[in-house]
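Here, each number is a calculation from the coordinates, and none is a lab measurement. Source: prediction; values computed, not measured. Cβ: placed from backbone, ideal geometry, glycine included. Neighbour counts: every protein chain shown.
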């Protein structure tokens, strides 16, 4: 027989796992689309590898982002059963819409907007954290990702091709296993970075709520509770990858631009490094999806020119969905918390 308290906690934990399923679908693209697009990894291997590296990233480097999502935007005392359920449900619906559309979406932006809606309702939003740290990072990092990738593609990769360094077939054949190994390593590195940043979207609020429901100090026990929450949430990323990942992989890996292996390594390294930097320095939840697509666009422009890349339909769909999904999360979250308030559930 489950005690009433744990029965009470069951709903938000189930919602957190559902959110992790949708995040797993969305996060598969930035982690493995480059390797998949370059035809160096089988589709069937991706969900398992993705789940393992996400878990390791969350445990090793996810503390800062979990703290931001669990107690820095909204006071941790406000993270009750109802509030956390509203936040997680709202984000899940927004990301489910994006996954069904086959568009990789920012789980971090959707979650931050959902928490922001609740915090505004309670007039308890940490505006300096949101306006001075998080939102500027959302705009700055994709531009950095784009220009770094464009620079490398234009001034390093293209000159290498012109000198014939990439056309030595016999040499390339001997080095093929090395190139493939580097590319797969980069994909695993991206998945690790996702764990460091995105698992916190579900684990952070869950950890704060659990501390409140158990009446224990969140400051003293947050890390332990966050680790326990991660043990429940992180494996769902791999499951979500196997359910939703294929269509999104197809869109980002095959339909924007055809990758060479060297280009794919650039995309993976640039996007993952910028995300990991945001996670471990300031604990800022940001969008690996957008960093990844920005890097893809940078390489694509260096390779095919700006007109050929930005005219593509998939690119337009990405930009549109990036605006819609966070707005959906904000709207649903504010509506539900308002209704919950009217019904005296908070």
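Cβ crowding within 10 Å, taken as a proxy for footprinting-reagent exposure, orders 189, 36, 155 from fewest neighbours to most as 155, 189, 36. Across all directions, the average projected area of the convex hull around the alpha carbons of the stretch 72-147 is 5.7 nm². Put in order of Cβ neighbour count within 10 Å, fewest first, the listed residues 89, 81, 32 become 81, 89, 32. Each peptide in 198-205, 44-51 was scored by the mean count of other Cβ atoms within 10 Å over its residues; highest first, the order is 198-205, 44-51.
Protection proxy ranking, highest mean first, for peptides 293-303, 325-335: 293-303, 325-335, where packing is the per-residue count of other beta-carbon atoms within 10 Å, averaged.
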